[in-house]
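Accompanying notes for the structure given below.
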Amino acid sequence: WCGGLWLGAGAARSPLHRDFSENVHGVIEGAKHFVLFAPNESAALYPKPERANLLGHTTRLPRGARTCSTREADDGSASGETACPRDFARFGGALERATVCRVEEGELLYVPSGWWHEVFSEGGSGE
């Protein structure tokens, strides 16, 4: 197993990326919010080729999983439609198929190898 131990405190964000090893995310205090994409969504996530990794570990999406916005209806409410920048049009379909979850204190989340994920952490009550 080729993995690592990642520790964080308080509010933090891990940009959209994929790891080529399995991950287990645990929360001791606070919570983590995940946006997950299956490996078969890679083309729609615009991988950024890297010298050491031509498959890409990170994405070219300028704001990661927040690249697209929800359009507003004429009355100002959210219409449910997703607006993506023209250069990243394929991402809208992938975003509709994303898995979103929240991991609470004392819980674990297994992320298989190759799955794209963006993580937002929030601190516990002591923050």
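Quick notes on this structure:
- Which numbered condition residue 76 fails, given (1) surrounded by 11 or more Cβ atoms within 10 Å (Cβ to Cβ); (2) modelled with pLDDT under 90: (1)
Each row is one residue, and each column tells you yes or no for (1) at pLDDT below 85; (2) aromatic (Phe, Trp, Tyr); (3) within 17 Å of the chain's Cα centre (by Cα); (4) surrounded by fewer than 11 Cβ atoms within 10 Å (Cβ to Cβ).
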| site | (1), (2), (3), (4) |
| --- | --- |
| 59 | no, no, yes, no |
| 62 | yes, no, yes, no |
| 65 | yes, no, yes, no |
| 80 | yes, no, no, yes |
| 96 | no, no, yes, yes |
| 101 | no, no, yes, no |
| 106 | no, no, no, yes |
| 109 | no, no, yes, no |
| 118 | no, no, yes, no |
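- Residues located in the range 34-53, provided they are in contact with a strand residue (DSSP E or B) (Cβ under 9 Å, 6 or more places away or on another chain), over 16 Å from residue 113 (Cβ atoms) and loosely packed, with under 15 Cβ neighbours inside 10 Å: 48, 49, 50
- Qualifying positions in the range 95-125 - touching a Phe, Trp or Tyr at 6+ places or on another chain (Cβ under 9 Å) and part of a helix (DSSP H, G or I): 95, 97
- Number of the condition not met by residue 33 [criteria: (1) in contact with a Ser or Thr (Cβ under 7 Å, 6 or more places away or on another chain); (2) modelled with pLDDT of 85 or more]: (1)
The values are calculated or read from the model by the stated rules, or taken from the named source; none is laboratory data. In this text the structure is predicted, and so the values were computed from the model without any measurement. All Cβ positions, even for glycine, are placed from backbone atoms using ideal geometry, and neighbour counts span all protein chains on display.
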